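See below for the structure under consideration.
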Amino acid sequence: MTTQFRRDGHKFIPIEIEENNIYPGVLKILHEIRPEWPQDKINFKLFTDGITNKLVACEIRDKTDKSDNIVLVRIYGNKTDLLIDRTAEVRNITRLHSLNLAPEIYGVFKNGLAYEYYPGMTLTVDSVTDVKIAALVAKQMAKMHKVELNTDIKKEPMIWDKIEQFLCLVPEPFTDPTKQTRFANRFGTIARLRIEFERLKSHLIKTESPIVFAHNDLLLGNVIHNESNGTVSFIDYEYAAYNYQAFDIANHFNEFVGLSLDDIDNNRYPNREFQMFWIETYLNEYLDTRDEDVIKSKAEEIYIEVQKLSLASHFMWGIWSLVQFEHSSIDFDFGRYADIRLSRYFELKDTMRLI
């Protein structure tokens, strides 16, 4: 096998890992990026938190130097290339890594990445509300929001084009008649969802929230807390792009309720007091000021925008779930998740009386 190099300097390994038989392919990847590892001394751990990709931690046993004994291999989910710009993903991770805000990429293969492992624990519905951890997350997001890409990319919010892209990928009808019946019973038609999208966009496009480089998918599993170092790190930059500042914050708050279909509890959504604490902590880093009057005034503005843009978050992931409902081979009820997110969208919309 000949390892090549991409124009961005990353190793390209011409391998496609089989989704249902991943380990032979993973070993081939490791042979290219860690040729010194004896393959009979490698342990694998398959993470099950993700619902679109497969993630494998590969650890070499009996290695004296523990600083580089784990490699993560992420295998992209079926048809996720329809949803995600993989070239942009690698570019963004590379840029963020240069600023110590993302892991190092060790190699790229046909349907995935091999990259640096961050030690620590992913957040839970309990730890995300710990004020010390929440402060770390707020500051880390603020650092990311100050990043400027070294490209000619226009600073435009990704949210509207992304939702439009997702809507175009929802099948008419679904391939599986049972899925089509479920969709029709809960959502009616794609036309109905498109009309709703246009209403949402016409209202929220008026937001004055600044355009920043955002993560856009800061769910609990994408935040790693290293307790011994007192740090947090973000992972999985598949949807990272310029977007509204308030969207990234709102999207994170929406994830406080949980991801497990049997454990989503909207009562976990953070109250105003917690949100204001989080936003003020964020602003201390983002604005690089300790002027309390400036912080509090700006925090009030952001809080209002966050409530509005939480609607866009629910709607986007609801439509995304419908696309996954058609294409994904992961054992996850995307139809039910779409129902949860879109039902929450309509509930909040009616409560806010915004649209």
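The values are calculated or read from the model by the stated rules, or taken from the named source; none is laboratory data. Note that the structure is predicted; figures quoted are calculated from it, not measured. Don't worry about glycine lacking a Cβ; one is built from the backbone with ideal geometry, like all the others, and counts go over all protein chains shown. Quick note on the areas: whole protein, heavy atoms, side chains included, nothing else; ligands and nucleic acids left out. Shrake-Rupley method; radii C 1.70, N 1.55, O 1.52, S 1.80 Å.
In the range 310-328, the qualifying residues are those that are among the polar types (S, T, N, Q) and assigned to a helix (DSSP H, G or I), and the one that is modelled with the lowest pLDDT is Gln324.
Residue count for the range 168-187 under the criterion of being assigned to a loop (DSSP other than H, G, I, E, B) and farther than 23 Å from Ser310 by Cβ: the result is 6. Can you find a residue in the range 196-213 that is over 20 Å from Phe334 (Cβ atoms), without any contact (Cβ under 8 Å) to a residue 12 or more places away in the chain and either outside any helix (DSSP H, G or I) or in contact with a strand residue (DSSP E or B) (Cβ under 6 Å, 6 or more places away or on another chain) (or both)? Within the range 196-213, one or more residues are over 20 Å from Phe334 (Cβ atoms), without any contact (Cβ under 8 Å) to a residue 12 or more places away in the chain and either outside any helix (DSSP H, G or I) or in contact with a strand residue (DSSP E or B) (Cβ under 6 Å, 6 or more places away or on another chain) (or both). Checked against (1) surrounded by 20 or more Cβ atoms within 10 Å (Cβ to Cβ); (2) within 19 Å of Thr207 (Cα to Cα); (3) out of contact with any Lys or Arg (no Cβ under 6 Å at 6 or more places or on another chain), Leu283 passes all but a single condition, namely (3).
Which one of these is within 30 Å of Lys54 (Cβ to Cβ), open to solvent by 40 Å² or more (accessible area, probe 1.4 Å) and out of contact with any helix residue (DSSP H, G or I) (no Cβ under 7 Å at 6 or more places or on another chain): Ile330, Ile340? Give the steps one after another, and end with the answer.
Working: Ile330 fails: open to solvent by 40 Å² or more (accessible area, probe 1.4 Å).
Checking each option against the conditions leaves just Ile340.
For Leu96, work out the one condition from (1) without any contact (Cβ under 8 Å) to a residue 24 or more places away in the chain; (2) within 24 Å of Asn284 (Cβ to Cβ) it doesn't fulfil. The one condition Leu96 does not meet is (1).
Matching residues to (1) out of contact with any strand residue (DSSP E or B) (no Cβ under 6 Å at 6 or more places or on another chain); (2) part of a helix (DSSP H, G or I):
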position: Lys132; (1), (2): yes, yes
position: Ala135; (1), (2): yes, yes
position: Met141; (1), (2): yes, yes
position: Leu149; (1), (2): yes, no
position: Ile153; (1), (2): yes, no
position: Pro157; (1), (2): no, no
position: Asp161; (1), (2): yes, yes
position: Phe166; (1), (2): yes, yes
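The set of residues from the range 257-278 being over 20 Å from the mean Cα position of the chain (by Cα) and of a type in the set (A, V, I, L, M, F, W, C) comprises Phe274, Met276, Phe277.
The residues of the range 3-18 that are at pLDDT below 85 and among the acidic types (Asp, Glu) amount to a single one, Asp8. Among residues of the range 2-31 that are more than 19 Å from Asn53 (Cα to Cα), those with a beta-carbon under 6 Å from a residue that is in a loop (DSSP other than H, G, I, E, B) and of a type outside the set (A, V, I, L, M) at least six positions away or on a different chain give the pairs Lys11/Thr3; Phe12/Arg6.
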